[in-house]
Amino acid sequence: MTKNDIKNSDVIKKVLFSLIYVSTGKTSRDYAWSVMKNITNELIQKHDFLKYVKIKIEKDDKQANFNIQIDKKIDDIDSTLLGKSIQNYIDFLKIKLGKKAGYFFLQEFKVILGDKYHKIIKQMGVDLRLIDLKEEFGGIDYDNYQIKESPDSNIGFIKKTM
């Protein structure tokens, strides 16, 4: 559980709905939900506890119904591990959406997520400002410089590699 007594299940559900909401502004609703379902399936390999996250897409002749179901067992997972999975969701989604994600993707996500949940995921180790910084600089080695995260805080810095 988080320090604010909000359950992990509430946090992951809010994060996923917020990511999907922002994604639907960049692409179709069906595609956004499908991508999130595929990302969840991919991330289960890395984060076993994501098997407790079910993204349902049920289509009939008239419409598609979308739903996210979170098993309460995820509440027992360490919040820093959940934070790493949230970080992976954001990274994977930005890759999947490519240029459709656009420059303001994280800013829109932060607004939809809301201050309360933004603070909670930051406590879990997800620093949207640092993700933005990595995006701005490409997050890759450029002329032997890399963006690094301080292990002691959520501060990012640029480090010269040898």
| task | Work out the FRET efficiency for PHE104 and GLN69 from their Cβ-Cβ distance, taking R0 = 30 Å, and round it to the nearest 0.05. | result | 0.50
| remark: In terms of the alpha carbon gyration tensor, root eigenvalues a ≥ b ≥ c, rounded if a/c is under 1.5 and otherwise prolate when a/b exceeds b/c or oblate, the range 52-96 is oblate
| remark: Expressed in angstrom and ordered largest first, the alpha-carbon extents of the range 8-126 along the principal axes are 40, 31, 25
| query | Taking other Cβ within 10 Å of each residue's Cβ, how do SER28, SER34, SER85, SER79 sort, fewest first? | reply | SER28, SER34, SER79, SER85
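We did not get these values from a lab; they are worked out from the coordinates using the rules stated. What you see is a predicted model; the values in this text were computed from it and never measured. Ideal geometry is used to build each Cβ from the backbone, glycine not excepted, and the neighbour counts take in all protein chains shown.
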